[in-house]
Amino acid sequence: DAKTTQPNSMESNEEEPVHLPCNHSTISGTDYIHWYRQLPSQGPEYVIHGLTSNVNNRMASLAIAEDRKSSTLILHRATLRDAAVYYCILRIQGAQKLVFGQGTRLTINP
Amino acid sequence: NAGVTQTPKFQVLKTGQSMTLQCAQDMNHEYMSWYRQDPGMGLRLIHYSVGAGITDQGEVPNGYNVSRSTTEDFPLRLLSAAPSQTSVYFCASSRQGNQPQHFGDGTRLSIL
């Protein structure tokens with residue numbers, strides 16, 4: 001499975017945008033980029049995924065570099081409820097399993 | 001809509017005991033999986049199933065057994081508990097293909 005690299009931790013302020021980076025220089029053409037987050041004492045929660053084009057949903061936006069070697073999860077207006085560990089995961093097309101790294105622990109200051 | 005339900009939420013075992021962690025989903029998902037999460041770490045895949053009657057090993061399968069007799073249920077069995085199996089266990093399910101996985105709230109297991 002291709003590897004992702006994320007910062008161990010990030011900090012932001014409430015109501016400000018947050019950009020969470022992920023490097024995946026060994027990504028292959030069939031790898032989808034998935035993001036999950038894990039709130040304290042809960043199971044992971046799906047956030048967003050994409051292949052080549054930027055993606056938006058009600059939770060976040062995913063910006064994918066043109067060469068696909070990096071991506072950024074964007075939370076447009078952070079709230080205290082967004083404090084969580086965010087995982088960037090590469091998932092082979094059609095493959096079921098997810099391979100989690102250590103993720104980025106996001107702290108939101110009031 | 002219950003989603004993915006895991007029982008029990010907490011359990012304490014003694015070394016050598018056996019037990020079964022239950023996982024049930026009501027979304028008619030074909031794919032189910034078990035992960036463990038140790039303190040400060042990401043999740044690691046134990047076993048997974050792509051449909052009833054089909055199971056396969058993940059990254060850390062030793063010491064665990066699974067079976068999938070129905071679409072809804074995917075129990076995880078610890079045959080002889082060891083302190084190294086102290087962890088939080090998560091069950092997940094999804095439709096076939098590249099669909100998002102839905103996770104349960106976890107079972108916190110301590111082995112003394």
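The values are calculated or read from the model by the stated rules, or taken from the named source; none is laboratory data. Nothing here was measured: the structure is a model prediction, and the numbers come from that model. Heads up, the Cβs are rebuilt from the backbone with ideal geometry, glycines too, and the neighbour counts pull from every protein chain shown. Ligands, DNA and RNA are excluded from the accessible area calculation, which covers all protein heavy atoms including side chains. Shrake-Rupley method; radii C 1.70, N 1.55, O 1.52, S 1.80 Å.
Values as computed for the structure displayed
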{"item": "Of all residues in segment A:25-73 being of a type in the set (Ser, Thr, Tyr) and more than 23 Å from A:Arg105 (Cβ to Cβ), the one that is surrounded by the most Cβ atoms within 10 Å (Cβ to Cβ)", "result": "A:Tyr32"}
{"item": "Answer residue from segment B:57-98, given it is surrounded by fewer than 16 Cβ atoms within 10 Å (Cβ to Cβ), within 10 Å of chain A (Cβ to nearest Cβ) and without any contact (Cβ under 8 Å) to a residue 24 or more places away in the chain and is farthest from B:Leu13 (Cα to Cα) among those", "result": "B:Gly97"}
{"item": "Residue among B:Ser93, B:Ser84, B:Ser110 that alone is out of contact with any strand residue (DSSP E or B) (no Cβ under 7 Å at 6 or more places or on another chain) and either within 24 Å of A:Leu90 (Cβ to Cβ) or not in a loop (DSSP other than H, G, I, E, B) (or both)", "result": "B:Ser84"}
{"item": "Segment B:24-53 - residue that is within 8 Å of chain A (Cβ to nearest Cβ) and of a type in the set (Ser, Thr, Tyr) and, of those, surrounded by the fewest Cβ atoms within 10 Å (Cβ to Cβ)", "result": "B:Tyr31"}
{"item": "Flag if A:Thr79 is at pLDDT below 95 and surrounded by fewer than 17 Cβ atoms within 10 Å (Cβ to Cβ)", "result": "no"}
{"item": "Qualifying residue in segment A:6-22 (condition: touching a residue at least 40 places away in the same chain (Cβ under 8 Å), in contact with a helix residue (DSSP H, G or I) (Cβ under 9 Å, 6 or more places away or on another chain) and open to solvent by 30 Å² or more (accessible area, probe 1.4 Å))", "result": "yes"}
{"item": "Per-region count, segment B:1-21, residues open to solvent by 80 Å² or more (accessible area, probe 1.4 Å) and part of a strand (DSSP E or B)", "result": "2"}
